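**Student:** Quick one: structure below, then a few questions.
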Amino acid sequence: MINPTEVLQSFEGRMKDFIDGENFRKCIQCGICGGSCPFGFYTDFTPRRMITATRAELVNEIIESNAPWLCTSCNLCTSRCPSRIPITDALIPVLRELAMNYSHLPDELGQALTNIHRMGNSFGESNRKRAKWSEGLGFDVKILKKGEHVDYLFIVDDFGSFDLRAQEITRSVARLFKMLGIDFGILGERERSIGDHVRLAGEFGLFEEIARSNINEFRNYSFENIVTLDPHAYNSLKNEYRRYGFQSNVMHYTQILSERLQDLMKLMHPLNYTVTYHDPCYLGRKNGIYDEPRKIIESIPGIKFVEMYRNRENSYCCGGGGGGIWYDSYIRKFVKTRPAEERVIEAGKTGANVLLVSCPIDAIMFEDAVKVTGLEGRLRVMDISELILESIGKGV
Ligand code: SF4
Ligand code: SF4
């Protein structure tokens, strides 16, 4: 039985722990958040209504509703909120944390969190399989030994390590690094989840445990930079791990490739595609990386690049962030069209025959959406790294 007063006090207490957390009291009820949200029509409480409910001392009603979970942490509401309320990093995760305290959470989410806690990855796989993606590449990917040095520590994170589609992207990125002579290495079975989805899902305690343990592990190696293909891993390593003392330079693989474009351009051959590009929420809107992926795409010979209507800071969501990919079946129960389906339809309308991504979760979500929306055969989903490799002519 939920005690409304107790829940309200917990909510108010927790919001104080976040930078600008108390700004929720400054909400002007403009409704921009609900109007921006992919789930604005389906959720029982938009962020605006969540805040009204806190004023009416009805936080208990929010945590018993679908609202904490009909959010995929796209950050669009936060980026547009005139009262600078940290909706995505604080308001919703705090409500999720409270909902979880009363066992109101999608079953699949509970399973993924248990897997991370027990096994160190959301797939519930043995970490001994972490480096399986690197088999059959035709070259060895260095698995770092304690004390060893590399220029780039390559963090793959869970999807790139264990999901079959995402593994293809990890292999493409590794192949490109190899071709460019980049000195990189991985942690293999000593890599664990980075945890950005755990944090956004409201499991703050588990996230802190993961961050501290990963930082301790990183201290065993010598490296100049961390590079990752996963925008959520990038975000946590760059912004969230700082709170626990982590200082290293963090890069997304598109930043490295855009620095090495002159070398790549010598290797590429013309392709005859019209392509569009989806800005991942945690690379673009959250971290401002819009130009590097476009610079790479525009340098691929023969490619015609067209923008979708919603691009850059207004980019739409794939529906997989903040744990959404784990509880897709819960989301399906409440929405007519999932965000990924809307997005591939939008991509198809540009006339593009390739939808480019720079995030393994996007590739998984959009490939499924292409099948559901009947766009199969007309719209191909590719990671930027895969298109470069096709242009180089090595296949992926
Ligand atoms: S956008 Fe911000 S200020 Fe406007 S209703 Fe939403 S939370 Fe309140
Ligand atoms: S972060 Fe995105 S999905 Fe979540 S409430 Fe805001 S706009 Fe909606």
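**Student:** Counting pairs of alpha carbon atoms under 8 Å apart in space and at least six apart in sequence, what relative contact order in percent does the range 4-105 give?
**Tutor:** Contact order relative to length: 37 percent.
**Student:** Can you compute the FRET efficiency between Glu208 and Asn272 using 1/(1 + (r/R0)^6), with r the Cβ-Cβ distance and R0 = 51 Å? Round to the nearest 0.05.
**Tutor:** In this case the efficiency is close to 0.55.
**Student:** Same structure again: How big, on average over all directions, is the shadow cast by the Cα convex hull of the range 118-258, in nm²?
**Tutor:** 7.9 nm²
**Student:** Mind checking the angle between helix 107-119 and the chain's longest principal axis? C-alpha axes, 0 to 90 degrees, to the nearest 10.
**Tutor:** Its long axis makes an angle of about 60 degrees.
**Student:** To continue, here is another question. What does the highest-first list of 68-76, 178-186, 382-390 look like by mean Cβ count within 10 Å?
**Tutor:** Ranking the peptides 68-76, 178-186, 382-390 by packing returns 68-76, 382-390, 178-186.
**Student:** If you don't mind, another one. Which value in nm describes the separation of the simple spin-label points at Ile215 and Ser79, placed 7 Å from the Cα toward the beta carbon?
**Tutor:** It is 2.8 nm.
**Student:** Next up: Scan around Val250 for amide H atoms under 5 Å from its own, H built in the peptide plane at 1.01 Å from N, and keep only partners 5 or more places away or cross-chain.
**Tutor:** Answer set, sorted by chain and number: Ile226.
**Student:** First select every other residue whose beta carbon is under 10 angstrom from the beta carbon of Tyr152; then total the charges, Lys and Arg +1, Asp and Glu -1.
**Tutor:** -3
**Student:** Next question, about the same structure. With labels modelled as points extended 7 Å from the Cα through the Cβ direction, what inter-label distance (nm, one decimal) is found for Asn249 paired with Met1?
**Tutor:** That separation, rounded to one decimal, is 6.0 nm.
**Student:** When the helices in the chain are scored as -39500 (n - 2.57) per DSSP H run of 4 or longer and the sum is shared across all residues, what 222 nm value do you end up with, to the nearest 500 deg cm²/dmol?
**Tutor:** Value at 222 nm, helices only, nearest 500: -12000 deg cm²/dmol.
**Student:** Using Cα positions and a limit of under 18 Å, work out the lysines in reach of Lys295, with same-chain residues fewer than 8 apart set aside.
**Tutor:** Lys266, Lys304
**Student:** Rg/Rh for the range 105-187 to two decimals, with Rh computed the Kirkwood way over all alpha-carbon pairs.
**Tutor:** 1.03
**Student:** Place a point 7 Å from Cα of Lys142 in the direction of its Cβ. Which residues in the range 193-226 have their backbone N less than 19 Å from it?
**Tutor:** Flagged as within label range: 217-226.
**Student:** Still on this structure, please answer the following. Given contacts defined as C-alpha pairs under 8 Å and at least six residues apart, what's the relative contact order of the chain, whole-number percent?
**Tutor:** 16 percent
**Student:** Using only Cα atoms, what Kirkwood radius does the range 259-392 have, in angstroms?
**Tutor:** In the range 259-392 this quantity evaluates to 15.2 Å.
**Student:** Per residue, what volume in Å³ does the convex hull of the Cα atoms of the chain enclose?
**Tutor:** Output value, Cα hull per residue: 127 Å³.
**Student:** I'd like the distance separating the alpha-carbon centroids of the range 112-136 and the range 138-186, in whole Å.
**Tutor:** 16 Å
**Student:** A further question on this structure: For the range 200-263 and the range 357-396, what is the separation of their Cα centres, given in Å?
**Tutor:** About 25 Å separates the Cα centre of the range 200-263 from the one of the range 357-396.
**Student:** Calculate the dipole size of the range 118-258 relative to its Cα centre from +1 charges on Lys and Arg beta carbons and -1 charges on Asp and Glu beta carbons; express the result in debye to the nearest 20.
**Tutor:** 200 debye
**Student:** Expressed in nm to one decimal, what extension gain is obtained for the pair Val306 and Lys132 from 0.36 nm per residue of sequence separation less their Cα-Cα distance?
**Tutor:** Taking Val306 through Lys132 to full extension adds about 59.1 nm, to one decimal.
**Student:** I've got another one for you. Straight-line reach from Lys333: which lysines have a Cα under 26 Å away, not including same-chain ones fewer than 8 places off?
**Tutor:** The qualifying lysines are Lys371.
**Student:** Only residues of the range 347-376 count here: report those whose backbone N is under 16 Å from the spot 7 Å along Cα→Cβ of Tyr42, or say none.
**Tutor:** Residues 365-366, 368-370, 372-373 qualify, since their backbone N sits under 16 Å from the label point.
**Student:** Let me ask something else. In nm, give the distance between the simple-model label positions of Ser103 and Glu346, each being 7 Å from the Cα along the Cα-to-Cβ direction.
**Tutor:** 3.9 nm
Coordinate-derived values only; no laboratory data. Every value quoted in this text rests on a predicted model; they were computed, and no experiment measured them. Backbone-built Cβ (ideal geometry, glycine too); neighbour counts: all protein chains shown.
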